[in-house]
Amino acid sequence: MSASPPSSAGAAAAGADPAVRVGVLLPRMPEEPGGWLAECAAYDAAGADALWLDGGPDPAHDVLALAAALAGATNRAKLVVALPDSVPQAAWLARALATVVLLSERRLALDADSRRCAELVAVAPTVPAFRRLAPAGPGYEEPGAGRWTPVAAPAGPAAWRDALAGAADRGVHGLVVPAGPPLLAELRRGEGAERHTRTSRPTRARAATERQTTRGSS
């Protein structure tokens, strides 16, 4: 399983700046995980750029274990995980994060306030940490990329186009949207040949073979 670069399928379909990413704020996992994992996989397949996993201050399930399950059920979206305030011992946390990084093919990222970001960087310097901007304002700052802003679920195609266009005008890197049928419908509008062509990049070996074939036939 190989991770493809984010496609921003929903943005491309709406004609907005394709640099605006779409993150899905996932609901809490129920006691039966099968349907929840299938829903997460549907968002991944539809073109979501990130899946946001936040169990709140007292999560019912281990969020890193859920992230590992998501890594197996998806193959392209970034997995952004909010850790609970009670941090396990540093050595255990570093090992757990390294495991999920491996399973997700380096798609794991963390969600924390400024203080926790500094702690997490010390424990796992290779795992990017999205910094929460509150109380300065809602949203998250992705290191080296830009701001992700929470927005309401789209009320229809026109509202979704307006949200993406407005985000592009403000220089917002991504939108974090609650999971639900309206968002999934808008993301799926971006499915098709263009998205798959853009994300299916040839390997170096295949590119070299194609160049040799072209030279041989000319």
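Computed from the coordinates by the stated procedures, all read-outs in this text should not be read as laboratory data. The structure displayed is predicted, hence computed values, not measured ones. Cβ placement follows ideal geometry from the backbone for every residue including glycine, while neighbour counts extend to all protein chains displayed.
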| What order do you get for 94-101, 46-53 when each peptide is scored by the mean count of other beta carbon atoms within 10 Å, highest first? | 46-53, 94-101
| remark: Rounded to the nearest 0.05, FRET efficiency between GLU105 and ASP162 (Cβ-Cβ, R0 45 Å) equals 0.85
| So, in nm, how far is label GLN89 from label ASP62 when the simple model puts each one 7 Å beyond its Cα toward the Cβ? | 1.5
| remark: region 151-192 and region 116-144 have their Cα centres apart by a whole-number Å value of 24
| query | Which net charge results for the neighbourhood of MET29, defined as the other residues with beta-carbon distances under 11 angstrom from its beta-carbon, given Lys and Arg at +1 and Asp and Glu at -1? | reply | -3
| note | Neighbours of ASP58 by Cβ distance under 13 Å: Lys/Arg at +1, Asp/Glu at -1, summed charge -2
| query | Pulled fully out, how much extra length does the chain show between ALA19 and ALA118, if you take 0.36 nm times their separation in residues and subtract their Cα-Cα distance? | reply | 32.9 nm
